[in-house]
Amino acid sequence: MTEPREIALQFLVKFRSGQDYKHVDDPAGSVPVYGSGGIFASASDYLYDGESVLFGRKGTIDRPAYVCGKFWTVDTMFYTELREGVSGRWLYYWATTIPFGLYSTDTALPSMTSSVLGRIKAPLVPYVQQCAIADYLDRETAEIDAMLAKLDELARNLEQRSSIVVANELKSHYLHGTIPLAFSSGADGFFDGDWVESKDQDPDGDIRLLQLADIGDGIFLDKSSRRINQETFERLRCREVQAGDILIARMPHPLGRACILPTGLGRTITVVDVAVIRPDPNRIIPKYLVYVLNSIPFRAQLDSLQSGSTRQRISRSRLGQQRIPMPPLAHQRAAVSRLDEVTGRIDAMLATIDQLKALLVERRAALITDVVTGRKKVPA
């Protein structure tokens, strides 16, 4: 097969820089404002009106976007003026195949320059063929996107079903009496994480610093990689968390989500916006408490108590005042057993959905790559 001829991107488009939008910021405006992460505001005026492909300049640089109409971009996003004979839809599909990581500048924040983007080689394709490719990919990707949307809807329904099962199981437990959350721990067993600033961190340190991103809804996500060293630990008088402790996020989303700290992490501390509770084994089973904390009724309590002018959160003291059911340990064990069985089946179905979605996303990307590179011919 003959490889298609190539042309530098700078000969297909003119790159234009975004601008500050504060003077046109309007919550009721009809003009979308794009940053590198997508639309984040609206404006009363536009920076450009027409067909364009947007490229990230700083931050999220690997998510090009197609726009047609009036829009505004800030300085983290390039917009493009298409030269004659270039289909914006075709260019967008091709742009999604760019290995942006190979071109990103070597800085802490991923960045891209217009000169680097301009030198990337694109296939040299006649305009009529560009339009045919775009029409074909519009149809094919729309079918895949529809399947992804159905899977997302199914996942939402299953997650809602899981929440309802937990809420129904726990409803009668409140009849056995309640106690403040803080009382479910032993002495000094309910505390905040540590105030550790970026300047205090050490990527080669021996002590793991957990983040809010590590805390999932009933599951430890293990997403972060922050660390500190022993000298900082002692200077800041940090407190270690232990396997079996319950971590509670004092900031959204969602507020109050909780999980049990697993074994195998080594020495560990956590950031200040995470509350830690070390359950008293004579009063409450950790897994039971996690079900309670992540339940619909308890989550609703917290949502009404969050405060903060810019970043919503709940204080540990207010969190500790919220009442939780305290049935006998035998009741707790039985509830955990039943909930583990039912939610386990739902979690297995959700895992299958994730696998199907991953296959569809992979199929979508492969299809686009094959078509825009000419490996797959568009049906006449």
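The values are calculated or read from the model by the stated rules, or taken from the named source; none is laboratory data. Predicted, not measured: the structure shown is a model, and the values here were computed from it. For neighbour counting, all protein chains shown are included, and Cβ atoms are generated from backbone atoms with ideal geometry for every residue, glycine included. What goes into the accessible areas is simple: the full protein's heavy atoms, side chains included, and nothing from ligands, DNA or RNA. Shrake-Rupley method; radii C 1.70, N 1.55, O 1.52, S 1.80 Å.
Across segment 235-378, the mean sequence separation of Cα contacts (distance under 8 Å, 6 or more residues apart), normalised by length, yields a relative contact order of 20 percent. Cross-link candidates for Lys357: which lysines have Cα within less than 25 Å, leaving aside residues fewer than 8 places away along the same chain? Cα-Cα hits under 25 Å: Lys150, Lys223, Lys376. Given their separation in residues at 0.36 nm each and the Cα-Cα distance between them, Leu359 and Asp202 gain 52.7 nm when the chain is fully extended.
Estimated from the Cβ-Cβ distance and a Förster radius of 45 angstrom, the FRET efficiency linking Ser337 and Lys150 is about 0.85.
With R₀ set to 25 Å, the beta-carbon distance separating Gln160 from Phe220 gives a calculated FRET efficiency near 0.65.
Which net charge results when you count Lys and Arg as +1 and Asp and Glu as -1 among the other residues whose beta-carbon is under 10 Å from that of Leu47? Charge balance in the 10 Å sphere: 0.
For the set Lys14/Lys70; Lys70/Lys121; Lys14/Lys121, the pairs lying more than 21 angstrom apart at their alpha carbons are Lys70/Lys121. Look at the alpha carbon pairs under 8 Å that are at least 6 residues apart: their mean separation over the length of the chain gives a relative contact order of 16 percent. Within the shell of other residues whose beta carbon sits under 9 angstrom from the beta carbon of Ile179, the net charge comes to +2, with Lys and Arg scored +1 and Asp and Glu -1. The residues of the chain have, on average, 53 Å² of accessible surface per residue, using a 1.4 Å probe with all protein chains present. About the centre of its Cα atoms, segment 246-380 shows a dipole size close to 220 debye [charges on the beta carbon of Lys, Arg (+1) and Asp, Glu (-1) only; nearest 20 debye]. Determine, from the Cβ-Cβ distance of Leu265 and Tyr174 and an R0 of 35 Å, the FRET efficiency 1/(1 + (r/R0)^6), rounded to the nearest 0.05. For Leu265 and Tyr174, the calculated efficiency is 0.55. Loop-located trypsin sites (Lys or Arg not before Pro) in segment 78-146 (DSSP state other than H, G, I, E, B) with a sparse environment of at most 16 neighbouring Cβ atoms within 10 Å: Arg83.
Extension gain for Gln242-Phe191 works out to 17.1 nm (0.36 nm per residue, less the C-alpha to C-alpha distance).
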